[in-house]
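I have placed the structure first, in the form of structure tokens, so that the comments after it can refer back to it.
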Amino acid sequence: EKRILGVLLPGSTPFEVTPDASQTINLSSLTFNAARGGGPTRGYDVRSSIDGFASTLGTADLLTQRPTFTAVSIDLSGSQFSGLTTATEFRVYVYTPSIASSVEFDDIELNGTVTAVPEPSSGLLAALGGLLLARRKRAE
């Protein structure tokens, strides 16, 4: 039986990515290294606010014991993680046989690209410039 005990990250808090007002974010992956302390099986379950933390993005039992870490890469290239314009929160839940058991994480990286969104006024200025140029050609 797997018991989800809560979020375990530095400071025991979830993490969030928030684009600036003039940007969109396209995520590609979440990578980290993870290991369990001694003893029985433990693991992780990664979820996001995209669907209200309802579905698992990645989960696995950790077979490596510290100081040996397992490299983990979770694919985020789906359309739900493209063109993000609002904050997206991620939570890494751990499951262990008891509250005294540990799971450790290191080198947590959220990978993707940030794209600038043109301001509406820029498009308007370009359109006005085109109209003025067309008008000028007619006048000649």
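The values are calculated or read from the model by the stated rules, or taken from the named source; none is laboratory data. Because the structure is predicted, anything quoted here is derived from the model rather than measured. Cβ sites come from the backbone with ideal geometry, for glycine too, and all protein chains shown count toward neighbours. The accessibility values were calculated without ligands, DNA or RNA, using every heavy atom of the protein model including side chains. Shrake-Rupley method; radii C 1.70, N 1.55, O 1.52, S 1.80 Å.
Out of curiosity, is residue 52 touching a residue at least 24 places away in the same chain (Cβ under 8 Å), on the phi > 0 side of the Ramachandran plot and open to solvent by less than 60 Å² (accessible area, probe 1.4 Å)? Spell out the reasoning first.
On the way: touching a residue at least 24 places away in the same chain (Cβ under 8 Å): no; on the phi > 0 side of the Ramachandran plot: yes; open to solvent by less than 60 Å² (accessible area, probe 1.4 Å): yes.
No.
Please name all residue pairs, on different chains or six or more residues apart, with Cβ atoms under 6 Å, provided the first residue is in the stretch 88-101 and is in contact (Cβ under 8 Å) with a residue 24 or more places away in the chain and the second residue is among the acidic types (Asp, Glu) and part of a strand (DSSP E or B).
So the pair list comes out as 89/16; 93/45.
Look through 99, 108 and report the one residue that is in contact with a strand residue (DSSP E or B) (Cβ under 7 Å, 6 or more places away or on another chain), surrounded by fewer than 10 Cβ atoms within 10 Å (Cβ to Cβ) and either of a type in the set (A, V, I, L, M) or modelled with pLDDT under 65 (or both).
99
What are the residues in the stretch 66-77 that are of a type outside the set (A, V, I, L, M), surrounded by 15 or more Cβ atoms within 10 Å (Cβ to Cβ) and in contact with a Gly (Cβ under 9 Å, 6 or more places away or on another chain), if any?
66
Among the residues of the stretch 12-63, how many are assigned to a strand (DSSP E or B) and out of contact with any helix residue (DSSP H, G or I) (no Cβ under 6 Å at 6 or more places or on another chain)? So that I can check it myself, show each step before the final result.
Going through the stretch 12-63, the residues assigned to a strand (DSSP E or B) turn out to be 15-17, 23-36, 42-48, 58-62.
Filter once more, so that each one left must be out of contact with any helix residue (DSSP H, G or I) (no Cβ under 6 Å at 6 or more places or on another chain): 15-17, 23-26, 28-36, 42-48, 58-62.
Total meeting the criteria: 28.
Yes or no, residue by residue, for (1) open to solvent by 30 Å² or more (accessible area, probe 1.4 Å); (2) within 19 Å of residue 109 (Cα to Cα); (3) of a type outside the set (Asp, Glu); (4) at pLDDT 90 or above:
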| site | (1), (2), (3), (4) |
| --- | --- |
| 26 | yes, yes, yes, yes |
| 37 | no, no, yes, no |
| 41 | yes, no, yes, no |
| 57 | yes, yes, yes, yes |
